[in-house]
Structure formats: C-alpha cells, structure tokens
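Here's the structure we're looking at; comments come further down.
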Amino acid sequence: MNAKEEVLLRQLVELYTIVGRPIGSKVLSERTGGAGLSPSSIRNAMAKLKREGYVSSRHPSGGRIPTVKAYRYYADHLLKPTKPSPALLRRLENGLSGALCGNEGAGGFLMLSRVLATLSNQAGIVALKPPSRKHGLTIAEGLSFEGRAFYGFLEHLLKNPLAFLGSVPLKAVGLEMNPWKASLLLSVTETSRIQGGGGELAVFWEGVGNLAMTPEFGSTEGLRQLFEMLEERERIGEALIQATQARKQRVEVLFSRLDLGLRWKTELSYVVSTHASKEAGDVVIGVVGPIRMDYASVVPFVAHAAGMLEERTAITLKRGFS
C-alpha cells in the first residue's frame, strides 16, 4: 500500500468509526484535500482497495465500509494513539484501587472488569490462568478425599521433616492441636489448593449492556449472538491467552475471527494487554467491543490500565487462587 492509499484508508476507518455509515468519495476528498487526492483518484484507489479486500460496499454507487482486514492494517500500521486526559487517568487510578482493595479473589477481578467497562464505554474483560504446577500427587487422582489427604500428608512430611519437632503451629482457628493433626491439616489444605487451582482458567466479563447498545448488536439476532459469546467466555479467554503469548506488543488489537479463530457471525474486537510470571501465571486485561471502535483512545487507555496493575496483579492472583 502506497502513502496516498494509507492516508485514504486511515481517513476511511476513522470517519466510519465516528459516523457508522458508508463513506462516499466526496467526503473523503474533503477530508484528505491536503494529500492531493481528487474524487476520481479516490474512486480509483477505492476500487483497488476493494479488490484487495480492505473495503466493501452495499451497492456499487454507495459509499465504502472498511473491512476487518482494513482495521487489522490500521491497527498495525496507521494507528496514532491519543493520550488519555488527566481526568480519565485519575478515574482509572481510583477505580483500580477500589477494585483491588478490599475485594478478595474473584470479587476483585469482577470489579476490575467493571472499571474497564465503565471508563471505556465498552465491555471489560479479565482472563487469568494460574501457572501449571507439577506435583507428585498424580497417584491421588480419583481417590477419596481421605486418600488425597494421606498422600498430601506424606508429601508434606517429606518436604518438611521437622514438622513433628514443633515447626508447625500448634493452634489453628483457635483450637489447640498436636503436631500430627496440625501437619495433616496443612497437607490437606495444600492438596485442596492443588486440586482447585492448578491450570484452571477464570474469565470475568462486565459491560455487556454497553455492547447491546451498539448497532452491531442492537437487533434480536445480534443480541442472540452476544449471549452465545458470553456462554463461551472460557473459550474466549483461552484464545486470548494463546494469541497474546505469540505476540510481542504491549497492547494487542485482536479480532475474534481473524486472529482468534472464533467463528461467530458478528466480529468482535479485543484490545488487551497481557502479563505473565512464574508465580502469577497468565493475566489478560482489556476492552471488548465491535470492530468499529475508537482504537486511538482505547489502546492507550488499556496500556495505562496495564501499567497501573502490573505490580498489583501477582499479589491479587496469589490471593485469589491460594
């Protein structure tokens, strides 16, 4: 794509994002007057972009609509992010502090997705997958709780040989306990944590009402698709985690069919940031909306949210999955 075609495509995407209807050559000519593009040259360029799959039209004489391929090119090459206002950043900081302070585990993640939805006027999503833990307890799979507890106790004893010599606290929940019972209690707790936390995926999604208000999901069929997507949020979370692991940008713009392989009829866009560590696992936070999204504003918004959360995420994850 040459420079003039890029100018034209960028204006088409940004105008369509604002007005939500096909854009005609005359409007583009007025918008790109400084680029030396006449209506006739715009029509020729549009014909080429249509052949290459960047634009579509509802009828031959109508205006043009950018395709998801156009948005992909725009996000990768033409996007010029705008800096969030100080007021929005203050609201973001206050919202994130409120979400993560005093909300244990799932409650904090749900509040976090709600903050992202409220401040972006889209949907907010948080997907997290704790690290896979390799333990010598596979023999306990399928056993009764007492059997798992026994094997857990043996493992705890091997790892903590001094447990019976007073290293284990003799009081638990206010009750006096002998070393044997205290060690057994710790091993059962550890076994329960392994069974309930290792390798699971949790997805928190708020702000569906914002999506339902958009033209893309305003019809009965659009709402049906939206609810169908919500029912498979774990599938979406897994796809996001896999996609962001393969990419290197601080903030990624991903499309449900083009990038994630999610074959719903209506395309969704995910503006997400990922954080991964050995202790916290994989964490993806971001904003979900139609492909007709104001990426210039949403991308830096998600970047700032990710930056504010980076140091807090590991602590919150440990609290939520321990």
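The values are calculated or read from the model by the stated rules, or taken from the named source; none is laboratory data. Quick caveat, the model's predicted, so the values are computed rather than measured. Neighbour counts run over all protein chains shown; Cβ positions are idealised from the backbone, glycine included.
See the values below:
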{"read-out": "Identity of the residue in the range 224-246, acidic (Asp, Glu) and in a helix (DSSP H, G or I), that ends up modelled with the highest pLDDT", "value": "GLU238"}
{"read-out": "Criterion (over 13 Å from the mean Cα position of the chain (by Cα) and aliphatic (A, V, I, L, M)) met by exactly one of LEU230, LEU260", "value": "LEU230"}
{"read-out": "Considering residues of the range 76-107 that are assigned to a helix (DSSP H, G or I) and touching a strand residue (DSSP E or B) at 6+ places or on another chain (Cβ under 9 Å) only, the residue farthest from LEU12 (Cα to Cα)", "value": "ALA106"}
{"read-out": "Meets criteria (modelled with pLDDT under 90, touching a Ser or Thr at 6+ places or on another chain (Cβ under 8 Å) and over 25 Å from GLU216 (Cα atoms)) for GLN249", "value": "no"}
{"read-out": "Top-ranked residue in the range 209-259 [being farther than 20 Å from LEU116 by Cβ and aliphatic (A, V, I, L, M); ranked as surrounded by the fewest Cβ atoms within 10 Å (Cβ to Cβ)]", "value": "ALA246"}
{"read-out": "Odd one out for GLY95 among (1) under 25 Å from VAL299 (Cα atoms); (2) touching a Ser or Thr at 6+ places or on another chain (Cβ under 8 Å); (3) not assigned by TED's automatic domain parsing to the domain that holds VAL302", "value": "(3)"}
{"read-out": "Check on VAL68, crowded, with 21+ Cβ neighbours inside 10 Å and closer than 30 Å to VAL115 by Cα", "value": "no"}
{"read-out": "Residue in the range 46-58 that is farther than 13 Å from GLU5 by Cα and modelled with pLDDT under 90 present", "value": "yes"}
{"read-out": "Residue in the range 6-31 that is surrounded by the fewest Cβ atoms within 10 Å (Cβ to Cβ), counting only those that are acidic (Asp, Glu) and within 13 Å of PRO66 (Cα to Cα)", "value": "GLU6"}
{"read-out": "The listed residue being closer than 28 Å to VAL287 by Cβ and in contact with a Ser or Thr (Cβ under 6 Å, 6 or more places away or on another chain), out of LEU79, LEU116, LEU12, LEU100", "value": "LEU100"}
{"read-out": "Considering residues of the range 123-139 that are in a loop (DSSP other than H, G, I, E, B) and within 24 Å of GLN245 (Cα to Cα) only, the residue modelled with the highest pLDDT", "value": "PRO130"}
